[in-house]
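Below is one structure; the comments refer to it alone.
The values are calculated or read from the model by the stated rules, or taken from the named source; none is laboratory data. Nothing here was measured: the structure is a model prediction, and the numbers come from that model. Heads up, the Cβs are rebuilt from the backbone with ideal geometry, glycines too, and the neighbour counts pull from every protein chain shown.
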Amino acid sequence: MCGLVLFQQRTSAFPQMGQCSKHLQGMFFMDDCLQRLIDRIDSGEDLKSMMPSDHISKLIRFRLEMQAPYISKWPQALSIQAQPLNVPTSFKQRAMLVDEIWHVVGDEASDIDWYVKRTVLEGIYSTTEIYMLTDSSPDFRDTWSFLNGRVKDAFDLKKSIQEAQYLAEAVGAGMSSLQGFVKRAFRG
């Protein structure tokens, strides 16, 4: 039985908790989902042999599938997470989720890339989560297609940036060579 159901059963005896109870349920659900994702990863499911982009798509999908049974209530959950008092906890939970995903993928960045990768992944996760709210396709098929497209876009952008850096380095090296040639040509 899902931890959220047990939590709801225990707190239903205290209706006066109202909004606080909903916030606590949401926090518990997010923590429970992260733990279930970690358990699924630790269960030995063969994720290591995947390309990083496929790996990321699969892990985000695993996590979002946990919300599917509650999709009709998820807009309310997001609005509770977005309340000023709840933002720090919500942000921390999402940061832990994206950090776990990058860790599993094998990311060892410790420079500015660490922040960029996590920000991009959080954007992919959040936009896919929002897309999922309006998806009426069977088994959220359109959501998973959307997710795969966003991950592909992110990896294509990274590739394009790397290619631009290589081009800039090559042009710089070419300019240095040309500059050296011109200096030698006009010396003598």
*Residues of the stretch 134-145 being assigned to a helix (DSSP H, G or I) and surrounded by fewer than 17 Cβ atoms within 10 Å (Cβ to Cβ), which ones?*
P138, D139, R141, D142, S145
*Subset of the stretch 14-47 (residues that are of a type in the set (S, T, N, Q), exposed (fewer than 13 other Cβ atoms within 10 Å of the Cβ) and at pLDDT 65 or above)*: Q35, S43
*State the number of residues belonging to the stretch 68-101 that are more than 19 Å from I56 (Cα to Cα) and charged (D, E, K, R).*
2
*Considering the stretch 101-129 alone, what residues qualify as being free of Cβ contacts under 8 Å to residues at least 40 places away in the same chain, of a type in the set (A, V, I, L, M) and either surrounded by 15 or more Cβ atoms within 10 Å (Cβ to Cβ) or in contact with a Leu (Cβ under 7 Å, 6 or more places away or on another chain) (or both)?*
V120
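Here is a yes/no grid of residues against (1) surrounded by fewer than 18 Cβ atoms within 10 Å (Cβ to Cβ); (2) touching a helix residue (DSSP H, G or I) at 6+ places or on another chain (Cβ under 8 Å); (3) closer than 21 Å to D42 by Cβ:
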{"residue": "I56", "(1), (2), (3)": "no, yes, yes"}
{"residue": "L59", "(1), (2), (3)": "no, yes, yes"}
{"residue": "F62", "(1), (2), (3)": "yes, yes, yes"}
{"residue": "M66", "(1), (2), (3)": "no, yes, yes"}
{"residue": "I71", "(1), (2), (3)": "yes, yes, no"}
{"residue": "Q81", "(1), (2), (3)": "no, yes, no"}
{"residue": "T89", "(1), (2), (3)": "yes, yes, no"}
{"residue": "K92", "(1), (2), (3)": "yes, no, no"}
